[in-house]
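Scroll down for the structure; my scribbles are underneath it.
Computed from the coordinates by the stated procedures, all read-outs in this text should not be read as laboratory data. Quantities reported herein were computed from a predicted structural model and do not represent experimental measurements. Neighbour counts run over all protein chains shown; Cβ positions are idealised from the backbone, glycine included.
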Amino acid sequence: MKLNHKLYSLTFIIFIAATYFSLSHISADSKQLKNSGSIEILLSLDNNIYEQGLFGIQSSIESEYRVSYLNILNEEQGDLGKYFRELESSNVPLLIAVGPTAAKVAKENLINVPIVFAMVNSPKSLGLESGRLCGVSMDVPIQDFFRTLKEINPEARNVYSVYSTEEGAFSAVEGEYQDLTNKLLYYAKKTQTSSDFSKFLDSLSDQDVDGFYMVSDPIYDRKNFQLLSSFCKKNGIVLMTQFPSLVKTGATFGINPDYTKIGVLAGSMANRILSGSSNCKKEGVIYSDQTSFYLNESYAEESGLKLPASIIERARLTGLLSAGVNLLNDDKLKAARYVFESILKKDSKNPSAISYLNLIIEKMTGTKTKELMTLAKKYFDEGKYSQARIEYQKVLQINPNITAAREGIQSTLLTQSEQERAQANSHFRNNRPYDAIKMALASIRTLPSNSKAVSDLSLFRSNQYSKIPEYFKEGVSIYNKREYEESIKIFEDILLVDPSDKKAIEYLRLSYKKRDALRVMKEKSRN
């Protein structure tokens, strides 16, 4: 099957270009930035992959920003030191670096400015010791590749990989810690030259090889990739890569992160740091949970591999996802929404489809959901939990897939229930056992799954249970004195301790009946 993976439409490229020239163009004689509180977004290159990450950042960032491109800065300014000195002196609050080159250069030149990176493989290679650098890794866990290999070939056992650089080693060596859990044996080999690479493949000719894992490494140039592709096809080896373009050229399958989601995560991380609620030391490195799966059925067939239907369907859903993204970028929101909803009918937990559907609904409803979420958080912070839940429910009526709203509802229920439970314990400590029972019951009504409240209620009731006979006798005495308001309170208290007490239930019924009859008589006597 030939893959037709057009990631970005002309409309989107024009949009990015317009954004760049309107917000970001830096000439050779550019003036020093004003301290406007806006952040800097620095891209290594203006390629499609980084533009997808930029789109995610732009859709999530809550601050003003300027976009710059490292390759253009090199051409126009020559001295990058001047550019970074201007950033530093302008007190720019944060820089987002898209791509490893931008991240490395920023780290080398900036002293006090926090740096959030995105679209970086093997982030350890950047050097994270300073605590000024944090971000989102572009790596896909090797576990994902191992599991997919096993799905294609349950009998697979031996997997090989080659790397030549320190960055490649970070990815390659990971497999040595994950292979046995997947019932595989993994071997990573370091080579320096194309000749070494070719010799290594020759040495595998007599070996039992089931899979080959390509890491992000310069050893896989065009010549070596073609050599590897032919070798794997000839020997029935599953060839795995992180690069979709190589799947089309000649590999069995590829898994890559959702580049837009990486941008969203980086933008959200920047928001937390800018708000003061977090910093790079706390954030560290995070990974996207959204990936895309690509499959070359023709290559697999020529390799003698039999693909299970689940693998073919998984690739088909990625194709649909790509079509939906293209429609989204063309601003064909209704058509894109239909595509993503179709995906979710087959795969209800598909994180990429959920995220894109959320984005579409946000576009179609303006900023309504954001406004409601902000209001809900305000009510939550003020302790107005019922009102907060109402706002979260409004969000879910607009878009039932917004996880944060569902989590918000649960958080309000838990917080309110725990506060009520705390009040119940305070009443109990202050020798107000019946008030304690009432608040424990309120806590359970708010959140029936609050096991601590259930346990507290049991304790409060057992503490009073032995006192019930004497308290009941007092209630009957007061009832006989026709003091029904007081007898009602006593019998209600008894039923708080033991809701099944039949005598208390009957006396409570009679107390209400006689109190009401007495009220009627008094009313008639006045008339």
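To the nearest 500 deg cm²/dmol, what mean residue ellipticity at 222 nm is calculated for the chain from DSSP H runs of n ≥ 4 alone, each contributing -39,500 (n - 2.57), summed and divided by the residues? All intermediate terms of the calculation are to be shown ahead of the outcome.
On the way: 24 runs with 318 residues, N = 527.
My calculation for the chain gives -19000 deg cm²/dmol from helical runs alone.
Hey, could you get me the Stokes-Einstein D for the range 271-332, Kirkwood radius over alpha-carbon pairs, 25 °C and 0.890 mPa s, rounded to whole µm² s⁻¹?
For the chosen part, D equals 160 µm²/s.
Which three extents, in angstrom, do the Cα atoms of the range 289-379 have along their principal axes, listed largest first?
60, 28, 18
For Lys190 and Asp330, calculate 0.36 nm times their separation in residues minus their Cα-Cα distance, and state this gained length in nm to one decimal.
Extra length from Lys190 to Asp330 when fully extended: 46.0 nm.
Only Cα pairs under 8 Å and at least 6 apart count here; give the relative contact order of the range 92-246 as a rounded whole percent.
Relative CO of the range 92-246 lands at 19 percent.
Just to be sure I understand: of the beta bridges DSSP finds with both ends in the chain, what percent are antiparallel, rounded to 5?
Approximately 15 percent, going by the DSSP bridge assignments.
Quick one: angle between helix 80-89 and the longest Cα principal axis of the chain, in degrees between 0 and 90, rounded to 10, please.
For helix 80-89, the angle is close to 20 degrees.
What size of dipole, in debye to the nearest 20, comes out for the range 385-527 about its Cα centre when the only charges are +1 on Lys and Arg C-beta atoms and -1 on Asp and Glu C-beta atoms?
In total the dipole reaches around 540 debye.
Need one number: the % of Cα-Cα pairs in the range 422-482 sitting beyond the 17 Å mark.
46
Let me know the Rg and Dmax you get for the range 428-527 when you use only its Cα atoms, in Å.
Reported Rg and Dmax, both Å: 16.2, 54.
With +1 on the Cβ of every Lys and Arg and -1 on the Cβ of every Asp and Glu, and nothing else charged, how large is the dipole of the chain about its Cα centre, in debye rounded to the nearest 20?
With Lys and Arg at +1 and Asp and Glu at -1, about 2740 debye.
Specify the angular offset, from 0 to 90 degrees and rounded to the nearest 10, of the alpha carbon long axis of helix 451-465 from the longest principal axis of the alpha carbons in the chain.
That helix lies at roughly 20 degrees to the long axis.
With viscosity set to 1.306 mPa s and temperature to 10 °C, compute the Stokes-Einstein D of the range 127-284, Rh being the Kirkwood radius across alpha carbon pairs; µm²/s, no decimals.
In µm²/s, the coefficient rounds to 93.
Expected output is a single nm value to one decimal: the length gained when fully extending between Thr365 and Val520, i.e. 0.36 nm times separation in residues minus the C-alpha distance. What is it? Present the calculation step by step, with values, prior to reporting the outcome.
Details: separation 155, 0.36 × 155 = 55.80 nm, distance 5.73 nm.
In short, 50.1 nm is gained.
Considering the dipole of the chain built from charges on the beta carbon (Lys and Arg +1, Asp and Glu -1) around the Cα centre, which of Tyr385, Val325, Asn431 is farthest to its positive end?
In the chain, that residue is Asn431.
If you line up the long axis of helix 502-526 against the longest principal axis of the chain, both from Cα atoms, how many degrees apart are they, to the nearest 10?
60
Over all alpha-carbon pairs in the chain, figure out the percentage whose distance exceeds 35 Å. Can you show the working numbers first?
Values: 74654 of 138601 pairs.
I get 54 percent for the Cα pairs in the chain exceeding 35 Å.
Do you know the relative contact order of the chain, to the nearest whole percent, from alpha carbon pairs under 8 angstrom that are 6+ apart? Show your work: numbers first, answer last.
Numbers: 805 pairs, mean separation 59.0, N = 527.
Once normalised by length, the contact order is 11 percent.
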